[in-house]
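To start, the structure itself, in structure tokens.
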Amino acid sequence: MKQRTRGIRNGFLCLCFGLAATGAQAQALAQAQAPPAQTQAREQTETTLPDVKVIGPKWETRRGGYLISSDFKIDPKMSAVIFPAEAFQKGDIFDFRTVHMSDDEYFVLQECASLDCTMARILQVWTKNGALGLTSRDPNKFWIPDGGKFFMWMQRFPMAGGGTFNGFEPSSPPLVFNPTGTPEQFHQCDVTAAQEKGPEKVVESTHDGSQMKLRFASGATVFIQRLRTAE
């Protein structure tokens, strides 16, 4: 893989393993630097308003026996990567819908397959026509098999004359999608060049009801959400 692709993957690895430490350090620093007046005011607020309770996480609704969340994050330094704000749990359902995608676009759900995330596993890929190699009972939904580190991204493989690859290799480094198809398809598409360019950047993300709406640099627009059985 070329240097640019390695740089994208290295940035992704920093994202996976740097966010937790950075958040904890920032919180500790903020508390240490808080002036006595602010600390006193905070303590007074907590004492004065003991009955104020958070009803539920932000961007979460309850419907049909499910807790439905649209709380996903976009990495600000590498805006092609989307990840759940709260880690997926075994049995969660990831729901994907598209309102606009081209034939050459692929939305990828991937999971780290090693502790350092130098290798990953592609769980599902969606195109404008639905899921590739459908293995679930609903083409729009994927049942999360375990509580690993999951992330999503959009890859383009421009193909002369149009067309879509019909499969993919499940094992690959993070943010690398290796398609499978016919010799004619590979002759019409420069797969290596597309992989070196990397995933499509997210240019807009908004909460639309219980879904998150994502718009990519290519113009593709999709909706995603997480469903979890309500206890």
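The table below lists the values:
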quantity: Residue within the range 167-186 that is of a type in the set (S, T, Y) and in contact (Cβ under 8 Å) with a residue 24 or more places away in the chain present; calculated: yes
quantity: Whichever residue in the range 144-202 is acidic (D, E) and more than 18 Å from the chain's Cα centre (by Cα) and, among such residues, is nearest to K90 (Cα to Cα); calculated: E169
quantity: Checklist (1) more than 19 Å from the chain's Cα centre (by Cα); (2) farther than 21 Å from C117 by Cβ applied to T221, failing item; calculated: (1)
quantity: Yes/no for P158 being in contact (Cβ under 8 Å) with a residue 40 or more places away in the chain and closer than 21 Å to S114 by Cβ; calculated: no
quantity: Those strands (runs of 3 or more DSSP E) lying entirely in the range 83-192 with at least 2 residues within 19 Å of Y66 (Cβ to Cβ) and not small (G, A, S); calculated: 93-100, 141-143
quantity: Within the range 38-95, considering residues that are at pLDDT 50 or above and among the β-branched types (V, I, T), the one surrounded by the fewest Cβ atoms within 10 Å (Cβ to Cβ); calculated: T61
quantity: Residue count, the range 193-207 (criterion: surrounded by 12 or more Cβ atoms within 10 Å (Cβ to Cβ), out of contact with any helix residue (DSSP H, G or I) (no Cβ under 9 Å at 6 or more places or on another chain) and part of a helix (DSSP H, G or I)); calculated: 1
quantity: Only listed residue being out of contact with any Phe, Trp or Tyr (no Cβ under 9 Å at 6 or more places or on another chain), of a type in the set (A, V, I, L, M) and modelled with pLDDT of 95 or more, chosen from V203, V176, V222, V191; calculated: V176
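The values are calculated or read from the model by the stated rules, or taken from the named source; none is laboratory data. For clarity, every value in this text was computed on a predicted model and none was experimentally measured. Neighbour counts run over all protein chains shown; Cβ positions are idealised from the backbone, glycine included.
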